[in-house]
Amino acid sequence: YGRVYISTNASAAVGSKLAIEGNGSAAGGHALILRGTIDSLNTVLQGSLQYLSLNNWNWIHSGESDVITFVVQDTPIIQNAEDSKNKVIASTNVLVDPVNDAPSIELLMDTADGEADFVLDEDEIKALPPIRVSDPDVNERFHGMLQTTIQSTGEGGTFELRSAPGLQVMPTSSPKKLVLRGSTDALNRLLGGSLKSGSEVFYLPADDWSGT
């Protein structure tokens, strides 16, 4: 699930006394092979051997740990190393604990000046611009749900939800604040993030009101 590698500073410190082969990725079918003197090997192995897991992978969600296998042999590396009896093998389990990655939100407006302002005329009812939400950890949560809040902080308008299939409209919602809970797919269908089309959330300005 991950890759074992050596820090650049460590390999530079031992110089020609150490030969390095492979990239340490089991997924790629390559081992990290170090060949050198005992001192150079110990210099690298004591604090310079590093592990990099796959993006957004952890042992709790996957249900299993990664394993790093160490093989030490005192004969030259031969074509069929499994035939060599002059070697020892050790292994260690790697448990990558989960972390809570922050969700993201993207406003999918295309404007010439790069600004993302939502502009409408007085008394015009208009759908909000397309919005896409995502979270790399969403499938690790109960039922794989996100909660999204859309709120107007000004005095001028309210929201109207035309359709919300597959979503929960939370009790804390109000005319000026929509609190929606559901899967990322359902949220993006509602908000227009799936097809970059208009959303099902409309902004209703107060009568004869203009401003920001």
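With respect to L191, is the statement that it is of a type in the set (A, V, I, L, M), open to solvent by 20 Å² or more (accessible area, probe 1.4 Å) and either in contact with a Gly (Cβ under 8 Å, 6 or more places away or on another chain) or closer than 16 Å to K126 by Cα (or both) true? Break it down into steps so the answer makes sense when it comes.
Values: of a type in the set (A, V, I, L, M): yes; open to solvent by 20 Å² or more (accessible area, probe 1.4 Å): no; either in contact with a Gly (Cβ under 8 Å, 6 or more places away or on another chain) or closer than 16 Å to K126 by Cα (or both): yes.
Answer is no for this residue.
State the number of residues belonging to segment 1-36 that are modelled with pLDDT of 75 or more, touching a Leu at 6+ places or on another chain (Cβ under 8 Å) and in a loop (DSSP other than H, G, I, E, B).
Total satisfying the criteria: 1.
All but one of (1) open to solvent by 60 Å² or more (accessible area, probe 1.4 Å); (2) in contact (Cβ under 8 Å) with a residue 60 or more places away in the chain; (3) touching a helix residue (DSSP H, G or I) at 6+ places or on another chain (Cβ under 8 Å) hold for V133, so report the exception by its number.
(1)
Restricting the search to segment 91-107, which residues are farther than 16 Å from Y51 by Cα, polar (S, T, N, Q) and either at pLDDT 85 or above or more than 18 Å from the chain's Cα centre (by Cα) (or both)?
Listed by number, the list holds a single entry, S104.
I'm checking my understanding of the structure. Among residues of segment 149-167 that are buried (at least 16 other Cβ atoms within 10 Å of the Cβ) and closer than 9 Å to L190 by Cβ, which one is modelled with the lowest pLDDT?
A164
Assuming T184 fulfils every condition listed in (1) among the β-branched types (V, I, T); (2) under 18 Å from D123 (Cβ atoms); (3) crowded, with 16+ Cβ neighbours inside 10 Å apart from one, which condition is it?
Result: T184 fails condition (2) only.
Counting only residues that are among the polar types (S, T, N, Q), give me the strands (runs of 3 or more DSSP E) lying completely in segment 117-185 with at least 1 of them.
In segment 117-185, 131-134, 146-151, 157-161 are the strands (runs of 3 or more DSSP E) which contain 1 or more residues that are among the polar types (S, T, N, Q).
The values are calculated or read from the model by the stated rules, or taken from the named source; none is laboratory data. Not measured: the values here are computed from a predicted model. As a convention, Cβ positions derive from the backbone with ideal geometry for all residues, glycine included, and neighbour counts pool all protein chains shown. Remember, those area values only see protein heavy atoms, side chains included, never the ligands or the DNA or RNA. Shrake-Rupley method; radii C 1.70, N 1.55, O 1.52, S 1.80 Å.
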